[in-house]
Amino acid sequence: MRNCFAIRGATTLSIDNPAEMDAAMDELFRRILEVNSLDVQDIAYIILSQTPDLRTKNAATSLRRTGLCDDVPLFCVQEADITGMPGHVVRIMVVVGRPPEGRPEMVYLRGAAALRPDLAAKG
């Protein structure tokens, strides 16, 4: 039996702006918690990535600002700059430190729904 699992998700920003990053991360994280009936105390850590065109604010800083994950380790990286990749995207992987209780629901919001249309309808 697995002793941990991951929930993936992504969102997009309409512009590279600190307030937009704050709003997008708040929306994405709250939706992940809601659709997975997840308690923050069960989260082991969170990895975030953002595309190179997002320069005004770190996604982890915005996520921390929500006040929802004060004791959760966060790590943010910049995605590789690949020709043709969509811009203004923030991805998240929430690693939960307990066995899953059912199937985790992935959450793809805003323009990020195009990244995984097979999963976006669930989020």
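From the list ARG30, ARG64, the lone residue that is assigned to a helix (DSSP H, G or I) and within 22 Å of ALA114 (Cβ to Cβ) is ARG30.
Can you name the residue in region 62-75 that is touching a strand residue (DSSP E or B) at 6+ places or on another chain (Cβ under 8 Å), open to solvent by 30 Å² or more (accessible area, probe 1.4 Å) and not aliphatic (A, V, I, L, M) and, of all such residues, is farthest from ALA6 (Cα to Cα)? It would help to see each step written out before you state the result.
First, pick out the residues of region 62-75 that are touching a strand residue (DSSP E or B) at 6+ places or on another chain (Cβ under 8 Å): 63-64, 69, 72-75.
If we keep only those that are open to solvent by 30 Å² or more (accessible area, probe 1.4 Å) too, we end up with 64, 73-75.
Cutting the leftovers down to not aliphatic (A, V, I, L, M) gives us 64, 73, 75.
Values: ARG64: 19, PRO73: 15, PHE75: 15 Å.
Checked region 62-75; the qualifying residue farthest from ALA6 (Cα to Cα) is ARG64.
Residues in region 9-27 that are within 13 Å of the chain's Cα centre (by Cα) and in a helix (DSSP H, G or I): MET21, ASP22, ALA23, ALA24, MET25, ASP26, GLU27.
Residue-level check: of (1) at pLDDT below 95; (2) open to solvent by 20 Å² or more (accessible area, probe 1.4 Å); (3) in contact with a strand residue (DSSP E or B) (Cβ under 6 Å, 6 or more places away or on another chain), MET93 misses just (1). The set of residues in region 48-61 that are assigned to a helix (DSSP H, G or I) and either at pLDDT below 95 or open to solvent by less than 20 Å² (accessible area, probe 1.4 Å) (or both) comprises ALA59, ALA60. Being in contact (Cβ under 8 Å) with a residue 12 or more places away in the chain and of a type in the set (Asp, Glu), is that true of even one residue in region 81-92? Yes, there is a match, as at least one residue in region 81-92 is in contact (Cβ under 8 Å) with a residue 12 or more places away in the chain and of a type in the set (Asp, Glu). Can you confirm whether ILE43 is under 22 Å from LEU115 (Cα atoms) and of a type in the set (A, V, I, L, M, F, W, C)? No. Taken over region 78-90, the residue count meeting the criterion of being outside any loop (DSSP other than H, G, I, E, B) and either open to solvent by less than 40 Å² (accessible area, probe 1.4 Å) or under 12 Å from ILE46 (Cβ atoms) (or both) is 2.
Considering the conditions (1) outside any helix (DSSP H, G or I); (2) open to solvent by less than 70 Å² (accessible area, probe 1.4 Å); (3) modelled with pLDDT of 95 or more, TYR45 is excluded by exactly one of them, (2).
Within region 3-32, residues that are at pLDDT below 95 have Cβ atoms under 7 Å from residues that are outside any helix (DSSP H, G or I) in these pairs: ASN3/PRO99; CYS4/ALA44; CYS4/VAL95; CYS4/VAL96; CYS4/GLY97; CYS4/ARG98, counting only partners at least 6 apart in sequence or on another chain.
The values are calculated or read from the model by the stated rules, or taken from the named source; none is laboratory data. Here the structure is a predicted model, which means the values were calculated and not measured. Neighbour counts run over all protein chains shown; Cβ positions are idealised from the backbone, glycine included. Protein only, heavy atoms only, side chains kept; ligands, DNA and RNA dropped before computing areas. Shrake-Rupley method; radii C 1.70, N 1.55, O 1.52, S 1.80 Å.
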